[in-house]
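K.L.:
Structure provided below as structure tokens; questions to follow.
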Amino acid sequence: MGRDEFLFLLLGLKWTVALSAIGFVSGCLAGLAIALLRTSGIRPVERATAGYIALFQGTPLLMQLFVVYYGLALIGIKMDAWAAVAVGLTLHASAYLGEIWRGGIEAVPRGQTEASKALALSYASRMKDVILPQALRISLPATIGFLVQLIKGTSLASIVGFTELTRAGNIISNQIFQPLTVFGIVGMLYFIMCCPLTIYGAYLERKFAASAR
Amino acid sequence: MNYTLDFTPVVEGLPSLLTACLGTFALAICGMLLATVIGIGGVVLRQSKIAPLRWLIISFVELIRNTPFLVQIFFIYFALPLTGIRLDPTPTAIIALGINGGAYAIEIIRGGVQSIPKGQMEAGLALGLHKGQVFRLIILKPALKAIFPSLTSQFVLLTLTTSIASAISAYELTSVSQRIESDSFRSFEVYFTVTIFYLVISWLMMRLFALFSARYFAYPVK
Amino acid sequence: MNDISTTVDSTHPMISMSGVEKWYGAFQALRNINISVEKGEKIVLCGPSGSGKSTLIRCINHLESYQKGVIRVGGIVLGHQAKTIDAVRREVGMVFQQFNLFPHLTVLENCMLAPLRALRLGKEEAEARARQLLERVKIAEQADKYPAQLSGGQQQRVAIARALCMRPQVMLFDEPTSALDPEMVKEVLDTMIGLAEEGMTMICVTHEMGFARQVADRVIFMATGAIVEEAPPAEFFSNPKHERTRKFLGEILGH
């Protein structure tokens with residue numbers, strides 16, 4: 001494999017990073033909303049968000065990308081493949097992160113809510129100043145774990161036809177007929193992105209477990 | 001915005017879609033069985049006295065967990081023929097799913113084994129059982145019970161991952177739906193319906209695991 | 001020639017430890033331990049926590065390894081080879097502070113497991129033996145229950161039956177009543193007294209001094225990994241020789 005082929009892979013890598021970043025950031029924002037709705041105490045809202053989460057956790061990401069891609073076109077929104085994938089990843093991430101953070105919010109001791117109420121804090125302040133800082137901290141290892149899952153998930157954009165790292169690998173592999181070399185390198189590039197995150201997540205988990213004792 | 005939904009191709013394709021659901025089921029179950037074998041075997045090797053064996057397992061787990069399944073399945077698809085093993089896409093997909101799920105299973109089951117009090121091992125040894133017997137007869141079942149919820153969600157995820165096996169044209173739901181889609185151009189209708197099918201499949205899978213758990217792990221704990 | 005004897009020989013003491021030393025890294029857990037226990041003898045081991053008494057009996061069935069000295073069980077030299085360790089473990093039963101019953105097996109299955117797998121008995125024989133010993137610890141009617149469904153005292157009696165199912169020559173008790181609620185201590189002690197009366201060789205780590213007075217042939221007092229004093233119970237309680245023994249007895253007997 002020559003220099004040009006490798007540069008082409010790096011170009012794909014750039015899009016993988018971009019997709020992951022967009023999916024994660026917008027997924028975090030939407031996921032926060034999902035988590036808050038899921039713990040709002042309003043029964044129908046809680047049920048609806050639980051259904052939303054179950055839908056995304058019970059179906060393959062690939063199908064979610066297909067449905068969003070063709071569904072958006074159907075309602076008249078013309079989008080590039082990458083934008084459609086970004087929307088799909090955002091929805092996917094919002095459901096998973098929403099569920100992770102719901103767990104975090106519920107893991108904060110009840111007394112924290114009661115104390116905040118007794119101090120006459122508003123809902124917004126109670127969440128922003130008391131509950132969420134603790135909940136997000138508890139959920140940090142799981143959140144990082146999901147980020148790794150999301151980065152790996154962006155590879156499915158290649159099946160929808162968007163040229164990120166994996167599809168770049170496919171293209172090069174078809175050109176130079178060295179699939180093992182190409183996919184070996186592609187795998188390594190993913191590994192270099194994900195492994196530090198995994199290690200960091202495991203480190204946090206150990207640290208939290210130790211401090212909980 | 002004058003699109004009218006037309007599910008006719010979906011209805012016509014229903015028999016092949018439903019049969020393909022069985023393909024997905026079979027792929028998932030075989031993948032899980034292989035993953036369980038790899039998981040248990042990996043845990044045993046992971047605790048081996050021989051350091052290189054432990055490192056091998058640790059590297060395997062991290063390599064698999066930090067790369068996408070799509071890249072793994074491509075790699076295995078192209079690598080297997082070079083080792084002289086010629087397999088159809090579907091068995092290839094089972095191997096890929098087993099390897100992928102196995103790496104996660106090793107970590108999950110290891111957590112379970114570590115959660116078993118040391119006294120259980122000691123009581124087994126004091127009764128004259130060998131280490132292997134103690135692991136098999138005393139540690140394994142309570143360890144699996146302890147981590148069964150995590151294992152269930154990991155295996156539901158494995159079930160959903162089977163859809164990626166369509167990339168090498170294994171026989172399962174997604175590849176069959178892609179064929180119907182490309183014949184009919186009713187993309188949204190096909191994929192929407194198939195998404196519902198997957199929802200049902202993962203729900204059934206969870207029920208299956210709950211039933212298994214209720215039968216196999218029925219003993220009471222404090 | 002087979003130089004490792006793996007059968008019990010009645011010409012030797014049941015258990016002998018000579019010059020046994022054990023370290024955890026730089027910390028010395030056992031110092032020059034010398035003990036000889038004849039067949040049918042009952043020994044009570046006591047001492048403050050961290051004195052090494054549990055470590056000592058756990059060396060006898062090699063749950064702990066040791067660095068120096070020789071341990072013989074019925075003439076078998078407990079080497080570090082798997083073969084002699086297995087042979088010794090088949091002859092030595094152990095009862096733990098935390099019972100350590102297997103939660104996924106019924107009471108009966110707990111008792112049958114080792115006879116089936118370690119002694120390779122037939123199923124019928126193992127079951128008959130298990131039922132007979134459950135009868136003896138007065139818990140036969142609970143045979144099909146799981147450990148979590150029993151009280152602590154019942155669990156410990158099952159653990160005793162489970163160990164007896166191997167027909168051991170020696171029984172080791174590692175603080176068998178320390179994890180029990182007070183009202184359950186007696187049922188376990190009564191079981192142990194019964195066993196002693198039938199002539200079982202026993203080494204008990206316990207703070208139950210009433211039990212020691214009633215049952216023990218000798219009481220051994222340990223501190224900081226060494227044996228400090230060794231005497232028949234009457235002498236041990238009425239006329240302790242060492243200051244540390246007196247201090248310990250003062251604390252434990254509450255005067």
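K.L.:
Mind checking which lysines have their C-alpha under 16 Å from residue A:14, skipping anything on the same chain fewer than 8 residues away?
P.N.:
A:152
K.L.:
Can you give the average number of partner chain beta-carbon atoms within 10 Å of each beta-carbon in peptide B:213-222, as a whole number?
P.N.:
3
K.L.:
With Cβ to Cβ distances under 14 Å as the rule, what net charge do the other residues near residue C:71 carry (K, R +1; D, E -1)?
P.N.:
+2
K.L.:
While we're on this one: Using square roots of five times the C-alpha gyration tensor eigenvalues, list the equivalent-ellipsoid semi-axes of the stretch C:142-216 in whole Å, biggest first.
P.N.:
On the way: eigenvalues 80, 52, 18 Å².
Taking √(5λ) for each eigenvalue gives 20, 16, 10 Å, largest first.
K.L.:
Could you tell me which residue out of B:64, A:211, B:165 lies farthest along the dipole of the protein assembly as shown toward its positive end? Charges go on the beta carbon: Lys and Arg +1, Asp and Glu -1, centred on the Cα centre.
P.N.:
The residue sitting most towards the positive pole is A:211.
K.L.:
A further question on this structure: Of all accessible surface on the stretch A:3-212 at a 1.4 Å probe, what whole percent is carbon and sulfur?
P.N.:
Summing carbon and sulfur atoms, their accessible area is 67 percent of the total for the stretch A:3-212.
K.L.:
Given +1 on the Cβ of Lys and Arg, -1 on the Cβ of Asp and Glu, and no further charges, what dipole in debye does the stretch A:3-212 carry about its Cα centre, rounded to the nearest 20?
P.N.:
The dipole of the stretch A:3-212 has a size of about 480 debye.
K.L.:
Under 8 Å for C-alpha pairs, at least 6 residues apart: give me the relative contact order for the stretch A:3-212, rounded to a whole percent.
P.N.:
Relative contact order comes out at 29 percent.
K.L.:
Please report the accessible area of residue C:112 (heavy atoms, 1.4 Å probe, ligands and nucleic acids excluded) in Å², nearest 10.
P.N.:
Ignoring ligands and nucleic acids, residue C:112 comes out at about 10 Å².
K.L.:
Which residue fluctuates the most in chain A, going by a Gaussian network model with Cα springs under 10 Å, if the choices are A:163, A:90, A:181?
P.N.:
In the Gaussian network model the winner is A:181.
K.L.:
Then there is this: Using the C-alpha atoms of the protein assembly as shown, what convex hull volume per residue, in cubic angstrom, is computed?
P.N.:
Numbers: hull volume 160.6 nm³, N = 690.
Value for the protein assembly as shown: 233 Å³ per residue.
K.L.:
On to the next question. Step through the residues of the stretch A:57-70 one at a time and calculate ³J(HN,Hα) from phi using the Karplus curve (6.51 cos²θ - 1.76 cosθ + 1.60, θ = phi - 60°), rounding each to whole Hz and writing x for Gly and Pro.
P.N.:
3J(HN,Hα) across the stretch A:57-70, in whole Hz: 7, x, 10, x, 3, 4, 5, 4, 5, 4, 5, 5, 4, 7.
K.L.:
Could you please report the charge total around residue C:46, scoring K, R as +1 and D, E as -1 over all other residues with beta-carbon less than 14 angstrom from its beta-carbon?
P.N.:
+1
K.L.:
Percentage of Cα-Cα pair distances in the stretch C:19-159 greater than 28 Å, rounded to whole percent? Walk me through the numbers before you get to the answer.
P.N.:
On the way: 3076 of 9870 pairs.
Across the stretch C:19-159, Cα pairs with separations above 28 Å total 31 percent.
K.L.:
For helix A:132-153, what angle does its Cα long axis make with the longest principal axis of chain A, in degrees from 0 to 90 and rounded to 10?
P.N.:
For A:132-153 against chain A, the angle is about 20 degrees.
K.L.:
Taking a temperature of 4 °C and a viscosity of 1.567 mPa s, what whole-number D in µm²/s does Stokes-Einstein yield for the stretch C:14-66 with Rh from Kirkwood over alpha carbon pairs?
P.N.:
Answer, rounded: 110 µm²/s.
K.L.:
Ignoring ligands, DNA and RNA, how do C:30, A:10, B:211 rank by accessible area with a 1.4 Å probe, largest first?
P.N.:
So, going from the largest accessible area down, we get B:211, A:10, C:30.
K.L.:
Mind grabbing the interface size between B and A? I mean buried accessible area, both sides, 1.4 Å probe, in Å² to the nearest hundred.
P.N.:
That pair of chains buries around 3000 Å² in total.
K.L.:
So, one more: At a threshold of 8 angstrom on Cα-Cα distance, excluding pairs fewer than six apart, so keeping six or more, what relative contact order does the stretch A:34-146 reach in percent?
P.N.:
After rounding, I find 27 percent.
K.L.:
Hey, in the GNM for chain B with a 10 angstrom Cα cutoff, which one of B:61, B:176, B:11 fluctuates hardest?
P.N.:
B:11
K.L.:
If amide hydrogens are placed 1.01 Å from N in the peptide plane, which non-local residues have theirs closer than 5 Å to the one on residue C:202?
P.N.:
The answer is C:41, C:42, C:43, C:171.
K.L.:
Grab the alpha carbons of chain C, take their convex hull, and tell me the volume per residue in Å³.
P.N.:
Considering the Cα atoms of chain C, their hull volume per residue is 137 Å³.
K.L.:
Return the lysines within reach of residue A:128: Cα separation strictly under 27 angstrom, same-chain partners fewer than 8 residues apart disregarded; answer none if there are no such residues.
P.N.:
Hits, sequence-local ones excluded: A:117, A:207.
K.L.:
Compute the distance from the alpha-carbon center of the stretch C:123-161 to that of the stretch B:164-222, in whole Å.
P.N.:
Cα centroid of the stretch C:123-161 versus Cα centroid of the stretch B:164-222: 46 Å apart.
K.L.:
For chain B, what is the accessible area per residue in Å² when the probe is 1.4 Å?
P.N.:
Counting only protein heavy atoms, the per-residue value for chain B is 46 Å².
K.L.:
Continuing with this model, one more query. Quick one: compute the contact order of the stretch B:18-213, relative version, from alpha carbon pairs under 8 angstrom and 6+ residues apart, as a percent. List each step's numbers first, then the result.
P.N.:
Numbers: 213 pairs, mean separation 58.3, N = 196.
Relative contact order here is 30 percent.
K.L.:
Of C:44, C:134, C:62, which is farthest on the positive side of the dipole of the stretch C:37-135, counting Cα position, with +1 on Lys and Arg Cβ, -1 on Asp and Glu Cβ, and the Cα centre as origin?
P.N.:
So the residue furthest toward the plus end is C:62.
K.L.:
Mind jotting down the three principal axis lengths of the stretch A:3-212 based on Cα atoms? Whole angstrom, largest first.
P.N.:
Reported extents, whole Å, longest axis first: 68, 47, 24.
K.L.:
Moving on. Rg and Dmax in Å for chain B, alpha carbons only: what are they?
P.N.:
Using the Cα atoms of chain B, the pair Rg, Dmax is 20.8, 78 Å.
K.L.:
Helix B:187-216 versus the longest principal axis of chain B: what angle, 0 to 90°, nearest 10, using Cα atoms?
P.N.:
Approximately 20 degrees, to the nearest 10.
K.L.:
Along the stretch C:13-23, what does the Karplus equation 6.51 cos²θ - 1.76 cosθ + 1.60 (θ = phi - 60°) give for ³J(HN,Hα), rounded to whole Hz, x for Gly and Pro?
P.N.:
Going residue by residue, I get x, 4, 9, 9, 10, 10, x, 7, 10, 9, 10 Hz, with x marking Gly and Pro.
K.L.:
Tell me the net charge near residue A:45. Cut-off is 13 Å between Cβ atoms, residue A:45 excluded, with +1 for each Lys or Arg and -1 for each Asp or Glu.
P.N.:
On the way: positive: A:38, A:43, A:47, A:102; negative: A:46.
So the surrounding residues net to +3.
K.L.:
A further question follows. Let me know the mean shielding of C:99-109 by other chains, meaning the per-residue number of their Cβ atoms within 10 Å of its Cβ.
P.N.:
Details: counts 2, 11, 3, 10, 11, 14, 5, 1, 0, 0, 1.
Neighbouring Cβ atoms belonging to other protein chains average 5 per residue here.
K.L.:
Separate question: Round to a whole angstrom and tell me the spacing of the C-alpha centers of the stretch A:24-95 and the stretch C:192-255.
P.N.:
Each part's Cα centre sits 71 Å from the other's.
K.L.:
Over all directions, what mean area does the Cα convex hull of the stretch C:86-181 project, stated in square nanometres?
P.N.:
Details: hull surface 22.8 nm².
Over every viewing direction, the Cα hull of the stretch C:86-181 projects on average to 5.7 nm².
K.L.:
With θ set to phi - 60° and the Karplus curve 6.51 cos²θ - 1.76 cosθ + 1.60, what are the ³J(HN,Hα) couplings of the stretch B:132-138 in order, to the nearest whole Hz, using x for Gly and Pro?
P.N.:
Ordered by residue, 3J(HN,Hα) equals x, 5, 4, 4, 5, 8, 10 Hz.
K.L.:
So what are the radius of gyration and Dmax for the Cα set of the stretch B:119-165, in Å?
P.N.:
16.0, 49
K.L.:
Taking the Cα centroid of the stretch A:154-213 and of the stretch B:2-63, what is the distance between the two, rounded to the nearest whole Å?
P.N.:
18 Å
K.L.:
Right, something else. Here is the link list: B:118/B:222; B:222/C:123; B:131/C:83; C:39/C:68; C:42/C:145. Which ones come out longer than 23 Å on Cα distance? Intermediate values should be presented prior to the final figure.
P.N.:
Numbers: B:118/B:222 17 Å; B:222/C:123 29 Å; B:131/C:83 13 Å; C:39/C:68 25 Å; C:42/C:145 32 Å.
The answer is B:222/C:123; C:39/C:68; C:42/C:145.
The values are calculated or read from the model by the stated rules, or taken from the named source; none is laboratory data. Bear in mind that the values here come from a model prediction, so they are computed numbers and not experimental data. Note: ideal-geometry Cβ built from the backbone for every residue, glycine included; neighbour counts use all protein chains shown. Heads up: the accessible areas ignore ligands, DNA and RNA and are worked out on the full protein's heavy atoms, side chains in. Shrake-Rupley method; radii C 1.70, N 1.55, O 1.52, S 1.80 Å.
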